[in-house]
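Asker: Please read through the structure below; I'll follow up with questions.
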Amino acid sequence: MFISISTTGTAERPATDLGFLLHKHPGKVQRFATSHGEAHVFYPEATDAVCTAALLLEIDPVALVRRGIGKGRGGSPDFALAQYVNDRPYAASSLLAVALRTVFRTAMKGVCENRPGLADETRPLRIVLPAVPANGSGEGGGAAMVARLFEPLGWQVEAAPVPLDETFPEWGQSRYLRVGLSGTLRLADALQQLYVLLPVLDGAKHYWVAPDEVDKLLAAGEGWLADHPERALIAGRYLARRWSLTRRAMQRLELARLAEADDREAEEFDNAVDDSGETAYATGPAPGGPAESRPAGAGATSGSVPEPDAAAAAKPPSLAEQRRAAILDALREVGAARVADLGCGQGELIAALLKDARITEVLGVDVSSRALSTAARKLRLDRMSERQAARVSLVQGALTYTDARLKGYDAAVLSEVIEHLDLPRLPALEQAVLGVARPSAVVVTTPNAEYNVRWESLPAGHVRHADHRFEWDRAQFRAWAERAAAAHGYTVVIRPVGPHDPEVGAPTQLALFRLGTPAAAGTAPAPAGASATAATTAAVTTAAAITSPDATTPEGGDTR
């Protein structure tokens, strides 16, 4: 098994700097023990103009079998001889990837203490792999796969089939390719890409793929994998097509991509649930009102919420339950059959939607991979019947970016979502949902800030949940809703949700947007003398004033 890495240089920037980058002296032949053989590093040429480092890996196939691994490609030999007669010693595979990490570990980290700054420089590189398996397994293998994997990373790819036997050309070509890669990039990046993509091309690994392989994939793919057009193919093949691990990797890659696009840390997005996988629910009702949040859906089967027992039935419904009921009423009013729950959190609303036979399809979208995993577990998607599972899908996405997956739905729901956005990001959400996705109806719920005085455990000036960036009073919410509706061709009706207080209104306010439909009669008018623009400006000012960095969740706090 062989690989060579070459670079060119000048007298001022000699090619032999490759020795500093690889931490291997060009004047020596060095030998290293790896887990499955011996690796030899040497330099066939080393001048100021051209320098080539080569790694030769000697694998003992008998030793592989005796250690209980290497039983043919994929671990399922057709016959016993395949355990001993195979291509493991010769074809670039996961064995070579592991050897690269073992021998060039420091180089892969981009560290060069003897020449500070050298590892950060890009340089012309040429990598040659004489025998590379590129098995397609229905995924388009061969030279085309090599190009799909490496060209998006800036490499020029040469991939030619290796003849079965040059003296008998009529025998045709083997399944192996001679691959040459040319490009200008950091050596550390090149090594990380090889570490990931060699097992992907091979389509098999010589060791058991454990959950920690997801971390290895993301660490080696940092900075390039999240934006790779073939990231799904790469994750699936690198993780030996283990569906659960692939899904976890794809969720984390998408989170990294969204965080980078928004110039934020991934942890800021993935905060819908705490480290235990459960939302930090508050307990205890507000005076004169029901509890804000009580976990719903525990023990649900097939995406349904269990019926309450007699004791629970005697209790008044929580505000979260009343809010879901109001949303369902609004969806029935508009005749929605296909519904997108945007910011679905842990899936409480999805569970309620699946109980309604009139809802034929539900799409749950959330930026938090942990929230989606919790939702899948609570909905018991893995135990649903095939017919029921076909009604629901969960996808990761940021609502402040246009997303073609959101188009074509009868209705979209933003339940307790907008207050989790920074106000400058709210117009982006409006454009993505009302301007581009354009469902026939949109239901938005958000807290009524005026009602906060009725929460005796909530300090004055604080919001109901630590992650709320603002909370609007009734006039501010109406002003925003009417402006957004007018800007995108919708009409809107505002409704209270929860127990009504004659002084401060209801704890939750709901806006029902309808595309091109006249507003229903009976909608309360906006405050006299206040224009929508002025009220929206006041909303921004008030939201900034009431947001506190040390805000705590009150009793009866938010459930998304």
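The values are calculated or read from the model by the stated rules, or taken from the named source; none is laboratory data. Being a predicted model, the structure only gives us computed values, none of them experimental. Reconstructed Cβ throughout: ideal geometry from the backbone, glycine too, with neighbour counts over all protein chains shown. Each accessible area value is taken on the protein alone, full model and side chains, heavy atoms only, with ligands, DNA and RNA left out. Shrake-Rupley method; radii C 1.70, N 1.55, O 1.52, S 1.80 Å.
Asker: Restricting to region 189-219, name every residue that is touching a residue at least 60 places away in the same chain (Cβ under 8 Å), touching a helix residue (DSSP H, G or I) at 6+ places or on another chain (Cβ under 6 Å) and farther than 22 Å from Asp87 by Cα.
Answerer: Of everything in region 189-219, those that are touching a residue at least 60 places away in the same chain (Cβ under 8 Å), touching a helix residue (DSSP H, G or I) at 6+ places or on another chain (Cβ under 6 Å) and farther than 22 Å from Asp87 by Cα turn out to be Leu191, Gln192.
Asker: Let me ask something additional. If you check Arg383, Arg387, which single one turns out to be surrounded by fewer than 18 Cβ atoms within 10 Å (Cβ to Cβ), of a type in the set (D, E, K, R), without any contact (Cβ under 8 Å) to a residue 60 or more places away in the chain and farther than 17 Å from Arg252 by Cα?
Answerer: Arg387
Asker: Please state which of the following conditions His206 fails to meet, knowing it meets all the rest: (1) surrounded by fewer than 21 Cβ atoms within 10 Å (Cβ to Cβ); (2) at pLDDT below 75.
Answerer: Unmet for His206, out of (1) surrounded by fewer than 21 Cβ atoms within 10 Å (Cβ to Cβ); (2) at pLDDT below 75: (1).
Asker: Then there is this: Do we find a residue being out of contact with any Ser or Thr (no Cβ under 8 Å at 6 or more places or on another chain) and open to solvent by 80 Å² or more (accessible area, probe 1.4 Å) anywhere in region 121-131?
Answerer: As a first pass, look at region 121-131 and keep what is out of contact with any Ser or Thr (no Cβ under 8 Å at 6 or more places or on another chain): 121, 129-131.
Narrowing the set further to residues that are open to solvent by 80 Å² or more (accessible area, probe 1.4 Å) leaves none.
No, region 121-131 contains no residue that is out of contact with any Ser or Thr (no Cβ under 8 Å at 6 or more places or on another chain) and open to solvent by 80 Å² or more (accessible area, probe 1.4 Å).
Asker: Between residues in region 426-453 that are in a helix (DSSP H, G or I) and buried (at least 18 other Cβ atoms within 10 Å of the Cβ) and residues that are among the acidic types (Asp, Glu) and modelled with pLDDT under 95, which pairs lie under 8 Å by C-beta distance while being six or more apart or on different chains?
Answerer: Pairs found: Ala432/Asp403; Ala437/Asp403; Ala449/Glu471; Ala449/Asp473; Glu450/Asp473; Tyr451/Asp501; Asn452/Glu471.
Asker: Take the conditions closer than 22 Å to Ala92 by Cα, surrounded by 15 or more Cβ atoms within 10 Å (Cβ to Cβ) and not aliphatic (A, V, I, L, M) and apply them to Arg252. Does it pass?
Answerer: Numbers: closer than 22 Å to Ala92 by Cα: no; surrounded by 15 or more Cβ atoms within 10 Å (Cβ to Cβ): yes; not aliphatic (A, V, I, L, M): yes.
No.
Asker: Still on this structure, please answer the following. On the given criteria, is Ala259 open to solvent by less than 10 Å² (accessible area, probe 1.4 Å), at pLDDT below 90 and not in a loop (DSSP other than H, G, I, E, B)?
Answerer: Yes; evaluated as a whole, the condition is true for this residue.
Asker: While we're here: Is at least one residue of region 396-409 open to solvent by less than 70 Å² (accessible area, probe 1.4 Å) and part of a helix (DSSP H, G or I)?
Answerer: Yes.
Asker: Within region 481-515, track down each residue that is under 16 Å from Glu419 (Cα atoms) and either in contact with a Leu (Cβ under 8 Å, 6 or more places away or on another chain) or surrounded by fewer than 18 Cβ atoms within 10 Å (Cβ to Cβ) (or both).
Answerer: Ala484, Pro507, Thr508
Asker: In addition: If Asp189 passes every condition in (1) open to solvent by less than 30 Å² (accessible area, probe 1.4 Å); (2) within 24 Å of Thr52 (Cβ to Cβ) but one, which one does it miss?
Answerer: If we test Asp189 against (1) open to solvent by less than 30 Å² (accessible area, probe 1.4 Å); (2) within 24 Å of Thr52 (Cβ to Cβ), just (1) comes out false.
Asker: Looking for whichever is modelled with pLDDT under 80, more than 30 Å from Ile127 (Cα to Cα), polar (S, T, N, Q) and surrounded by fewer than 16 Cβ atoms within 10 Å (Cβ to Cβ) here; the options are Ser276, Ser244. Which one fits?
Answerer: Exactly one residue qualifies, and that residue is Ser276.
Asker: Here's something else I'd like to know. Quick check on my filter: what residues within region 48-86 are surrounded by 15 or more Cβ atoms within 10 Å (Cβ to Cβ), touching a strand residue (DSSP E or B) at 6+ places or on another chain (Cβ under 8 Å) and modelled with pLDDT of 75 or more?
Answerer: Within region 48-86, Val50, Cys51, Thr52, Ala53, Ala54, Leu55, Leu56, Leu57, Ile59 qualify.
Asker: Can you tell me which residue in region 348-366 is farthest from Gly335 (Cα to Cα), limited to those that are in a loop (DSSP other than H, G, I, E, B) and open to solvent by less than 30 Å² (accessible area, probe 1.4 Å)? Show your work before the answer.
Answerer: Initially, region 348-366 is screened for residues in a loop (DSSP other than H, G, I, E, B), giving 355-360.
Subsequent filtering for residues that are open to solvent by less than 30 Å² (accessible area, probe 1.4 Å) retains 356, 359.
Numbers: Asp356: 12, Ile359: 9 Å.
That would be Asp356.
Asker: Moving on to the next point. Looking at (1) open to solvent by less than 20 Å² (accessible area, probe 1.4 Å); (2) at pLDDT below 95; (3) among the aliphatic types (A, V, I, L, M); (4) over 17 Å from Ala325 (Cα atoms), which is the one condition that is false for Ala466?
Answerer: (1)
Asker: Identify the single condition in (1) more than 19 Å from Ser4 (Cβ to Cβ); (2) out of contact with any Asp or Glu (no Cβ under 7 Å at 6 or more places or on another chain); (3) open to solvent by less than 60 Å² (accessible area, probe 1.4 Å); (4) assigned to a helix (DSSP H, G or I) that Leu149 does not satisfy, given that it satisfies every other one.
Answerer: Going through the list (1) more than 19 Å from Ser4 (Cβ to Cβ); (2) out of contact with any Asp or Glu (no Cβ under 7 Å at 6 or more places or on another chain); (3) open to solvent by less than 60 Å² (accessible area, probe 1.4 Å); (4) assigned to a helix (DSSP H, G or I), Leu149 breaks only (2).
Asker: So, in region 367-380, exactly how many residues are buried (at least 24 other Cβ atoms within 10 Å of the Cβ) and on the phi > 0 side of the Ramachandran plot?
Answerer: 0
Asker: State yes or no: is Leu354 in contact with a Lys or Arg (Cβ under 8 Å, 6 or more places away or on another chain) and over 22 Å from Asp467 (Cβ atoms)?
Answerer: Judged against the criteria, Leu354 is a match.
Asker: Continuing with this model, one more query. Can you give me the number of residues within region 480-508 that are in contact (Cβ under 8 Å) with a residue 60 or more places away in the chain and more than 34 Å from the chain's Cα centre (by Cα)?
Answerer: 4
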